[in-house]
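One structure is given here, and the rest of the page talks about it.
The values are calculated or read from the model by the stated rules, or taken from the named source; none is laboratory data. Everything numeric here is computed off the predicted structure, so don't read it as measured data. Every residue, glycine as well, gets a Cβ built from its backbone with ideal geometry; the counts of neighbours run over all protein chains shown. Quick note on the areas: whole protein, heavy atoms, side chains included, nothing else; ligands and nucleic acids left out. Shrake-Rupley method; radii C 1.70, N 1.55, O 1.52, S 1.80 Å.
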Amino acid sequence: MPLLDDIEPLKLNAIAELTAAPDLAALEQTKGAWLGASGRFTALMKQLGTLSKEEKPAAGKLINLAKVEIESALASRREQLELAAALPAEPTDFTLPGRRRPLGKLHPLTQVTEDIVRAFRKLGFAVAEGPDIEDEYHCFDALNTPADHPARDAQDTFYVSPVPGGADGRSSLLRTHTSSVQIRVMKSQPPPVRILVPGRVYRRDNADATHNPTFHQIEGLYVDRNVTVGDLKGTVEFVFKELMGSDVKIRFRPHYFSYTEPSFEIDFTSALVKKMGKDWLEIAGCGMVHPQVFENVGYDPEVWSGWAFGFGIERIAMLRYGINDIRLFYENDGRFLKQF
Ligand code: DAH
């Protein structure tokens, strides 16, 4: 039967042409040429009518099977071409460098803090932390600060609860200095100690160009056998030179802190300070840890000695960058922050 013999070659032909279609438009065209109203395979199906009643079923079955195969070849080629059309024309080079997004920067106070920490790390100091909401014991009593000391007055310190001078020294307050962390660390570990404590502190100061009710300090504490004022001075000098340049000079002036004896204030000078029209700038407090403080934390003052210091981070940042208003640090003005 000639019709039956035509089915297989026509089918193979159709499948070959569909599979070779180079793009979606060509595929649609090929589909029309075979399966469209006047397509070649459609013409074959139309011939079915010319067959005898006996021949029809077998021929009809063959034609339908062939049509299913052609349609599946069409569908799979269409899928291939659609996928190819969705991909970029040029292959992607995954080894190219990425586009840089502006990721923001660290706040200048964070940058200065990190620089200070980095300098002290070289000397073997580790960072320690303590709570912002402290109690009178850690902030004052254990630091040998008498109950009637003016710093403890509610005029100077933010008390949270209850009232200042609570019976057990446990009234909550916002820590007025990071020195409270000295006590927490010494109570939690035996000597030797070499720590650095960056953190926020709070005082009842009204905001002006150089004061703010909250600012940041960095506290240092070094406890070991035979520690001297010479160690303290050498360390402070090393760190300030790392931080502000090698032309830096420091000097110690006698001072009073209840938790150190002797106590000093550290003055600082450099070309920058001279430029500001000053000879020296007061930059930090320090001293040799008071024997009573050692007693309070359970260290034997006959065996252990040490020094401590505390300075304001804003102060140093202002000096370093020539900033004359402390409030700029807290306003989060992008025009200011972008400069660091
Ligand atoms: N706590 C002092 C302040 O807030 C700074 C200070 C002075 C810290 C002497 C110390 C120190 O550790 O030994 O002004």
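Overview of results
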| quantity | calculated |
| --- | --- |
| Filter result for the condition that a residue is part of a strand (DSSP E or B), out of contact with any His (no Cβ under 7 Å at 6 or more places or on another chain) and at pLDDT 95 or above, over Ile283, Ile266 | Ile266 |
| Answer residue from region 197-223, given it is in contact with a strand residue (DSSP E or B) (Cβ under 7 Å, 6 or more places away or on another chain) and charged (D, E, K, R) and is surrounded by the most Cβ atoms within 10 Å (Cβ to Cβ) among those | Glu219 |
| Test: Ile316 is farther than 19 Å from Phe257 by Cβ, within 16 Å of the ligand (Cβ to nearest atom) and among the hydrophobic types (A, V, I, L, M, F, W, C) | yes |
| All strands (runs of 3 or more DSSP E) inside region 101-213 with 2 or more residues being of a type in the set (Ser, Thr, Tyr) | 159-161 |
| Out of Glu82, Glu129, sole residue that is surrounded by fewer than 12 Cβ atoms within 10 Å (Cβ to Cβ) and of a type outside the set (S, T, N, Q) | Glu82 |
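Yes/no per residue for (1) among the hydroxyl-bearing types (Ser, Thr, Tyr); (2) at negative phi; (3) open to solvent by less than 20 Å² (accessible area, probe 1.4 Å):
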position	(1), (2), (3)
Gly277	no, no, no
Cys286	no, yes, yes
Pro291	no, yes, no
Pro301	no, yes, no
Ile313	no, yes, yes
Asp325	no, yes, no
Phe329	no, yes, yes
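Quick grid of which residues meet (1) surrounded by 11 or more Cβ atoms within 10 Å (Cβ to Cβ); (2) more than 30 Å from Gln217 (Cβ to Cβ):
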| residue | (1), (2) |
| --- | --- |
| Ile15 | yes, yes |
| Ser38 | no, yes |
| Met45 | yes, yes |
| Leu87 | no, yes |
| Arg101 | no, yes |
| Leu109 | yes, no |
